[in-house]
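Structure first, commentary second.
The values are calculated or read from the model by the stated rules, or taken from the named source; none is laboratory data. Every value quoted in this text rests on a predicted model; they were computed, and no experiment measured them. So basically every Cβ, Gly included, is an ideal-geometry build from the backbone, and we count neighbours across all protein chains shown. With ligands, DNA and RNA removed, areas are computed over all heavy atoms of the protein, side chains included. Shrake-Rupley method; radii C 1.70, N 1.55, O 1.52, S 1.80 Å.
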Amino acid sequence: SRVLGGLGADLADVVMLTAFYVNDGSVDEDAFLASIGTTLPLGATPAITAVALPYLAYDGMRVEIEATAMRGADGARLDRDTASPDGLAPLPDPFVQGVRCGEMIFVSGQSARDGSGAVVAPGDILAQSEKVMENIGAVLAAFGADHDDAVRFRMYYAAGGTADDWEGAARVRASYFTEP
C-alpha cells in the first residue's frame with residue numbers, strides 16, 4: 001500500500017497479485033487467498049496466482065506478494081472488466097479469473113482443476129497441461145482474445161519431474177499457438 005501510494009496509486013488499482021507462500025501441506029490455499037482478499041478495498045477485483053513453496057528467501061519469511069497496478073497516463077483510475085468463466089476452479093471473493101484493464105488482460109493462475117476444484121488427471125502432466133491451457137483460453141475468450149494474444153506465460157511445476165516431462169508439457173502448450 002505504501003509503495004502504491006508513493007506512485008500515486010492505491011490497492012483499488014491492483015489488477016494482479018502473485019502470492020508466494022510457504023506450505024508444508026498444512027495451509028488451506030482457499031483460506032489463505034480469502035485472508036488476502038480481506039485486505040483489499042471494497043470493489044477491488046484483481047486476478048491472483050498463488051504459488052506454494054517449501055521456503056522463501058529469508059529465514060522465517062512465510063509470504064511474499066507481488067502486485068501489478070494500473071492507472072492512466074494522466075493518473076486517473078482506469079476502467080476494468082472482469083471475467084470468471086464457468087467450469088474453472090472457484091476463487092474466493094474478491095478474486096476473479098481474469099481482469100481487462102485498458103489494452104491489458106491479466107489471467108489468474110490456472111491449475112489442472114475442474115469447476116468443483118477437483119484435480120484433473122492426477123499425476124499426468126500432459127493432460128494437466130491441456131487442462132491449464134484450456135482454462136487460460138476460456139478466460140482469454142471471455143475478453144475476445146486467444147492464446148496468440150498473450151505476451152507472457154509463467155509456468156510452475158512440482159519438483160520430481162524429468163526433462164522429458166517438461167518437454168512434453170511444453171509441446172502441449174505450444175500446440176495452442178499459431179506458428180511462428
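Would you kindly derive the ³J(HN,Hα) couplings of the stretch 90-97 from the backbone phi angles with the Karplus curve 6.51 cos²θ - 1.76 cosθ + 1.60 (θ = phi - 60°), listing them in order in whole Hz, with x for Gly and Pro?
Once θ is set to phi - 60°, the couplings for the stretch 90-97 become x, 10, x, 4, x, 6, 10, 6 Hz.
Quick one: the Cα spread of the chain along its three principal axes, in angstroms, biggest first?
47, 42, 29
Using a Förster radius of 35 Å, what is the FRET efficiency between residue 121 and residue 79 based on their Cβ-Cβ separation? Nearest 0.05, please.
0.35
Quick check on the stretch 22-64: what are the equivalent-ellipsoid semi-axes from the Cα gyration tensor, as sqrt(5λ), descending, whole Å?
Rounded to whole Å, the semi-axes are 22, 12, 9.
Relative contact order for the stretch 87-180: what percent, with Cα pairs under 8 Å and sequence separation of 6 or more?
Across the stretch 87-180, relative contact order equals 24 percent.
So for each of 3-10, 87-94, 111-118 I average, over its residues, the number of other beta carbons within 10 Å; can you give me the resulting order with the highest mean first?
So the order, starting with the most tightly packed, is 87-94, 111-118, 3-10.
Please compute the contact order of the stretch 6-108 in relative form: average sequence separation of alpha-carbon pairs under 8 Å and at least six residues apart, divided by the residue count, as a percent.
About 36 percent, as a whole number.
Give the distance, in whole Å, between the Cα centre of the stretch 27-44 and the Cα centre of the stretch 109-180.
25
For the stretch 116-160, which trypsin sites (Lys or Arg not before Pro) are in a loop by DSSP, counting at most 14 other Cβ atoms within 10 Å?
The qualifying sites are 152, 154.
Considering the convex hull of the alpha carbon atoms of the stretch 49-130, report its projected area averaged over all viewing directions, in nm², one decimal.
Answer in nm², one decimal: 8.1.
If the stretch 2-43 were replaced by its equivalent ellipsoid, with semi-axes equal to the square roots of 5 times the Cα gyration tensor eigenvalues, what would those be, largest first, whole Å?
After scaling each eigenvalue by five and taking roots: 25, 12, 7 Å.
How far apart, in nm, are the 7 Å Cα→Cβ label points at residue 158 and residue 114?
In this crude label model, residue 158 to residue 114 measures out at 1.8 nm.
Carbon and sulfur atoms: what percent of the 1.4 Å accessible area of the chain do they account for?
Percent of accessible area from carbon and sulfur atoms in the chain: 53.
Per residue, how large is the accessible surface of the chain? Use a 1.4 angstrom probe and give square angstrom.
For the chain, the solvent-accessible area averages 59 Å² per residue.
Please state the relative contact order of the stretch 30-164 as a whole percent: Cα pairs under 8 Å, 6+ residues apart?
Computed value for the stretch 30-164: 22 percent relative contact order.
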